[in-house]
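The values are calculated or read from the model by the stated rules, or taken from the named source; none is laboratory data. Here the structure is a predicted model, which is why all the values come from computation and not from measurement. Here the Cβ positions follow ideal geometry from the backbone for every residue, glycine too, while neighbour counts run over all protein chains shown. What goes into the accessible areas is simple: the full protein's heavy atoms, side chains included, and nothing from ligands, DNA or RNA. Shrake-Rupley method; radii C 1.70, N 1.55, O 1.52, S 1.80 Å.
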Amino acid sequence: MQLSSEYKEKLDSALRRSGQRATKQREHIFSVLLERLDHPTADEVYARARSEMPTISLATVYNCLETLSTSGLIKQVNFEREPTRYCPNLTTHAHFYCKESGEIEDIELSQEVINLLKAALPKGHTAHRIDIAFDGKCTECHD
């Protein structure tokens, strides 16, 4: 998959701001994450990346994911003892993790909800990021 010009510019800009440069491997890993917004693990990203870039190593995938994360292009999503997953949705949102299927869904948060959450902070505190995660069963896994 090739990055659209919009996402290529986002990638280049974010990497420049963090003192990095775009490489074909970073572009490829970013495009793999954008192709299916299903919160893959590093191993899943590696398997997908190899279909178009067979020589890419797992270490390169991990390094690319770390670079994309530290440059602000993707988020790391963690649930208890589960492997880290990766999310390219940079809007303020929550995640729902189905413990039965292992699927993760984005839950959009309205500005009203975000404002209420920020208002709950102790006086003088400022939040730069909000992480909210639900876990349970999705409708498909309910008995």
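Taking the stretch 75-92, which residues are farther than 19 Å from residue 137 by Cα and either over 11 Å from the mean Cα position of the chain (by Cα) or free of Cβ contacts under 8 Å to residues at least 24 places away in the same chain (or both)?
Passing the criteria: 75, 76, 90, 91, 92.
The rows are residues; the columns are (1) hydroxyl-bearing (Ser, Thr, Tyr); (2) at pLDDT 90 or above; (3) open to solvent by 40 Å² or more (accessible area, probe 1.4 Å); (4) touching a Phe, Trp or Tyr at 6+ places or on another chain (Cβ under 8 Å).
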| site | (1), (2), (3), (4) |
| --- | --- |
| 43 | no, yes, yes, no |
| 56 | no, yes, no, yes |
| 90 | no, no, yes, no |
| 120 | no, yes, yes, no |
| 128 | no, no, yes, no |
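Look at residue 48 and say whether it is loosely packed, with under 15 Cβ neighbours inside 10 Å and of a type in the set (Lys, Arg).
no
Test residue 138 against the criterion of being touching a Ser or Thr at 6+ places or on another chain (Cβ under 9 Å), in a loop (DSSP other than H, G, I, E, B) and either under 30 Å from residue 1 (Cα atoms) or modelled with pLDDT under 95 (or both), and give yes or no.
yes
Return the residues of the stretch 58-74 that are within 13 Å of the chain's Cα centre (by Cα) and either of a type in the set (S, T, N, Q) or buried (at least 19 other Cβ atoms within 10 Å of the Cβ) (or both); say none if nothing qualifies.
Scanning the stretch 58-74 gives 64, 65, 67, 68, 69, 70, 71, 73, 74.
Any chance the stretch 98-112 includes a residue that's part of a helix (DSSP H, G or I), open to solvent by 20 Å² or more (accessible area, probe 1.4 Å), within 22 Å of residue 130 (Cβ to Cβ) and without any contact (Cβ under 8 Å) to a residue 60 or more places away in the chain?
yes
Residues are listed down the side, and each one gets a yes or a no for (1) within 15 Å of residue 88 (Cα to Cα); (2) surrounded by 14 or more Cβ atoms within 10 Å (Cβ to Cβ); (3) touching a residue at least 40 places away in the same chain (Cβ under 8 Å):
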position	(1), (2), (3)
10	yes, yes, yes
22	no, yes, no
30	yes, yes, yes
36	yes, no, no
